[in-house]
1. Among 36-45, 77-86, how do they line up from the highest to the lowest mean number of other beta-carbon atoms within 10 Å?
2. If you wrap a convex hull around the alpha carbons of the stretch 6-45, what volume per residue comes out, as a whole number of Å³?
3. Over the Cα atoms of the chain, each weighted equally, I'd like the Debye log10 I(q)/I(0) at q = 0.13, 0.15, 0.18, 0.19 Å⁻¹, rounded to two decimals.
4. Counting only C-alpha contacts under 8 Å and six or more residues apart, can you give the relative contact order of the stretch 6-45 as a whole percent?
5. List the relative contact order of the stretch 3-91 as a percent without decimals, with contacts defined as Cα pairs under 8 Å and 6+ residues apart.
6. Rounded to the nearest 20 debye, what is the charge dipole size of the chain about its Cα centre when +1 sits on each Lys and Arg Cβ and -1 on each Asp and Glu Cβ?
Amino acid sequence: MQAQIVKWGNSQGIRIPKAFLQSIQVAENDPVDLVLEDEKIVIKKSKGNPIKHKTTRERLIEFYGEDFEKHKDDVDREVIDWGPPVGEEIW
């Protein structure tokens with residue numbers, strides 16, 4: 001069977017026929033392992049834990065190397081008056 005690579009956001013994707021997925025007992029949103037073997041892409045049913053998406057806080061800690069929650073009292077919470085609405089804004 002032939003398939004076509006298509007643009008999917010900033011990446012590329014390929015549609016996999018439902019029968020193929022059923023044959024390896026994989027359903028929508030199930031994690032899979034991608035392996036590159038001898039110029040072939042092999043998709044295998046993942047035996048590991050499901051993919052855990054990181055929270056924004058976890059991503060910031062990973063990026064900056066520290067937890068900014070401890071700095072929450074250092075933030076200047078002054079209210080800024082931006083003036084009256086100009087145009088069709090809803091306040």
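Just so you know, all these numbers are worked out from the coordinates, no wet-lab data involved. Just so you know, these numbers come straight off a predicted model, no measurement behind them. Here Cβ is always computed from backbone atoms with ideal geometry, including for glycine, and neighbour counts include all displayed protein chains.
1. Working: 36-45: 9.0, 77-86: 6.2.
Top of the packing list down: 36-45, 77-86.
2. Details: hull volume 3.9 nm³, N = 40.
Per-residue hull volume (Cα only) is 97 Å³.
3. -0.78, -0.86, -1.03, -1.09
4. Details: 24 pairs, mean separation 10.2, N = 40.
So the answer I get is 26 percent.
5. 12
6. Details: 14 positive and 18 negative charges, 189 e Å.
In debye, rounded to 20, the chain gives about 900.
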